[in-house]
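J.: Okay, here's the structure, questions in a sec.
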Amino acid sequence: MISNLNGDVPRQKGKLANDVLLMERRQLKKEFTVLGPVDTISPRCQTFIDKFFPNISYREWNDWKWQLRNCFKSVEDLSRVMILSDDEKLAISKLKEANRLPMKISPYYLSLIYDSIPGDPIRKTMIPMMNQLETSSNEESDPLDEIRTSPVKGIVHRYPDRVLFVVTQFCSAYCRYCTRSHLVGKPHPLTRAEWDTAIDYIDKHEEIRDVVVSGGDPLTMENSKLEYLLSRLRSIKHVEIIRLGTKVPAVLPMRINARLLTMLKKYQPLYFSVHFTHPREMTLETCRACNMIADAGFPLGSQTVLLKGINDKPEVMKDLMLKLLKVRVRPYYIYQCDPIPGSSAFRTTVEAGVNIIEHLRGHISGYGVPHFVIDAPGGGGKVPILPNYVVKSDKKEWLIRNYEHKVYKYPNEK
Ligand SMILES: *Cc1c(COP(=O)(O)O)cnc(C)c1O
């Protein structure tokens, strides 16, 4: 018998209960074949559930709160479902003493990697390795200077007309390369009073027309809390658009349900900034979540961090961008990885990013080509980096080259 991961003894089910469970699962498998609207479960997840959570129903699996309660957080948790390398085990055990982001993986997201080998791209983003515990001299815990550029707790006001509002420090899965690793997973959540102070700041600053609600992951909050926040922001006259920064469609896709979307619709115009890393994340569940968001009328943009050995090959990034377009997510940014402590294992060169853009522009729909940016260390904001398409320019004419490296002349004189 497999006990559940929080160590409780699972509910004993009698024969009858088991039969009901099996029937329910068969029913859901049927629904899956016609993409049933309520309980989509991919074959991969079905196998994972049948193997490691035989006592739960698919309905429980599709309950996002069940997912949050059953996150994998320790060597013991993971060892129940997968074989860890010695390096991974040692790294997990040293996270605390090295003052690193804790480990946390939702059961859904783990189902993508439980049968992988060490070095698997998605696995590396979630399960720490010893090379991430070294800090090199050019790394800092808050490279974007968000603490110093924060006028009140939770707000980063870097650009003239928009702010970043960090509303929670909680996520359903912690990415090892997280730019806010100095903050997420920490035990001091923002209080209601701190939220109110932040909202007052936005209210007093009439130049703010765009609020990026991020964290942590705002979609890990209860609907009621999220709605409090959104209704307060929406009641501010000068706030024109609101964005939700979230990785939920990739790591907790069951969170995207009709009730959430119906609530969010009241606060349009609302954009989704969704974090994706690798084409293997584009599962049936995740694609369904993205399509539901798009069907509900919210524009979706993706943000991807360029990561060494994970998505730094042009073919991998191209595959991801094309898969995103198919579910109506517009690739928005590829970020050069921020130099947080331990990130040298993840960081690649700026040239690798430029090379990716070179392989996208002209080769795939322009809608699939994001901006490649460096968030300038020290708080300079996002700076776009492009391959050089200008061969020569002067008052008379510009010599430009295309994606095939053919050179063309544009008459600059009028
Ligand atoms: C990324 C970011 C924004 C939003 O920038 P856009 O280029 O408009 O997407 C706003 N504030 C901060 C602090 C940010 O890091």
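J.: Starting from region 169-257, pick out the chymotrypsin sites (Phe, Trp or Tyr not before Pro) whose DSSP state is loop and whose Cβ has at most 12 other Cβ atoms within 10 Å.
T.: Passing both the DSSP loop test and the Cβ count: no residue.
J.: Give a quick list of trypsin sites (Lys or Arg not before Pro) in region 240-306 that DSSP marks as loop, anything other than H, G, I, E or B, with at most 13 other Cβ atoms within 10 Å. Don't skip to the answer; put the middle values down first.
T.: On the way: sites: R243, K247, R255, R259, K265, K266, R280, R288; in loops: K247, K266.
Sites meeting the loop and neighbour criteria: K266.
J.: Right, something else. Largest first, what is the accessible-area ranking of V274, V354, V407 with a 1.4 Å probe? Spell out each step's value before the answer.
T.: On the way: V274 0, V354 35, V407 80 Å².
Output order, biggest surface exposure first: V407, V354, V274.
J.: Can I ask one more? In nm, to one decimal, how far is the K153 label point from the K237 one, both placed 7 Å along Cα→Cβ?
T.: In this crude spin-label approximation the distance works out to 3.1 nm.
J.: Here is a follow-up. Once you have the Cα-Cα distance between E207 and Y389, take 0.36 nm times their residue separation minus that, and quote the gain in nm to one decimal. List each step's numbers first, then the result.
T.: Working: separation 182, 0.36 × 182 = 65.52 nm, distance 3.53 nm.
So the extension gain works out to 62.0 nm.
J.: Heavy-atom accessible area of H371 with all protein chains present, probe 1.4 Å, nearest 10 Å²?
T.: 110
J.: Kindly list the residues of region 157-190 that lie in the label zone of Q268, defined by a backbone N under 18 Å from the point 7 Å along the Cα-to-C-beta vector.
T.: none
J.: What accessible area per residue comes out for region 332-414, rounded to a whole number of Å², with a 1.4 Å probe? Working shown, then result.
T.: Numbers: 4830 Å² over 83 residues.
Roughly 58 Å² per residue, with all protein chains present.
J.: Give, rounded to the nearest 20 debye, the magnitude of the charge dipole that the chain has about its Cα centre when Lys and Arg contribute +1 at Cβ and Asp and Glu contribute -1 at Cβ.
T.: 900
J.: How large is the dipole of region 244-359 about the Cα centre if only Lys and Arg carry +1 and Asp and Glu carry -1, each at its Cβ, rounded to the nearest 20 debye?
T.: 500
J.: Please check which bits of region 362-387 a label hung off R401 would reach, taking the label as a point 7 Å along Cα-to-C-beta and the cut-off as backbone N under 12 Å.
T.: 387
J.: Just name one of Y403, L306, S344: the one whose Cα is farthest towards the positive end of the charge dipole of region 300-414 (beta-carbon charges, Lys/Arg +1, Asp/Glu -1).
T.: Looking along the dipole axis, the top candidate is Y403.
J.: How much accessible surface does K186 have with a 1.4 Å probe, in Å² rounded to 10?
T.: 80
J.: Could you give the length gained by full extension between D63 and L261, i.e. 0.36 nm per residue of separation minus their alpha carbon distance, to one decimal place?
T.: Answer, rounded to one decimal: 69.7 nm.
J.: Specify which residue in the list G154, L386, S365 is farthest towards the positive end of the charge dipole of the chain, using unit charges on the beta carbon of Lys, Arg (+1) and Asp, Glu (-1), about the Cα centre.
T.: S365
J.: With all pairs of different alpha carbon atoms counted, what Kirkwood hydrodynamic radius in Å does the chain show?
T.: 23.0
J.: If you place +1 on the Cβ of every Lys and Arg, -1 on the Cβ of every Asp and Glu, and leave all else neutral, what size is the dipole of region 153-280 about its Cα centre, to the nearest 20 Debye?
T.: In total the dipole reaches around 420 debye.
J.: Can you pull the one-decimal nm distance between simple spin-label points at R328 and N412, each 7 Å off the Cα toward Cβ?
T.: Once both label points are built, they end up 4.3 nm from each other.
J.: Another question about this same structure. Could you give me D for region 322-414, from Stokes-Einstein at 20 °C and 1.002 mPa s, where the hydrodynamic radius is the Kirkwood radius over C-alpha pairs? Units µm² s⁻¹, please.
T.: So the translational diffusion coefficient is about 139 µm²/s.
J.: Please arrange Y332, Y114, Y408, Y367 by accessible surface area, largest first, computed with a 1.4 Å probe and ligands excluded. It would help to have the intermediate numbers written out before the result.
T.: Working: Y332 75, Y114 25, Y408 105, Y367 160 Å².
Solvent-accessible surface, decreasing: Y367, Y408, Y332, Y114.
J.: To continue, here is another question. Within the set K73/K153; K73/K124; K89/K124; K153/K186; K266/K323, which residue pairs have Cα atoms separated by over 20 Å?
T.: K73/K153; K266/K323
J.: Continuing with the same structure: Among DSSP bridges having both ends in region 155-384, what percentage is antiparallel? Round to the nearest 5.
T.: 15
J.: Accessible area of E413, 1.4 Å probe, to the nearest 10 Å²?
T.: 120
J.: Now for a separate question. If you roll a 1.4 angstrom probe over the protein chains with everything in place, what fraction of the accessible area of the chain belongs to carbon and sulfur, to the nearest %? Walk me through the intermediate numbers first.
T.: Values: 10740 of 19330 Å².
Taking all protein chains in place, the chain shows 56 percent carbon and sulfur surface.
The values are calculated or read from the model by the stated rules, or taken from the named source; none is laboratory data. Every value quoted in this text rests on a predicted model; they were computed, and no experiment measured them. FYI the Cβ positions are ideal-geometry reconstructions off the backbone, even for glycines, and counts take in every protein chain you see. Surface areas here come from the heavy atoms of the whole protein model, side chains and all, with no ligands, DNA or RNA. Shrake-Rupley method; radii C 1.70, N 1.55, O 1.52, S 1.80 Å.
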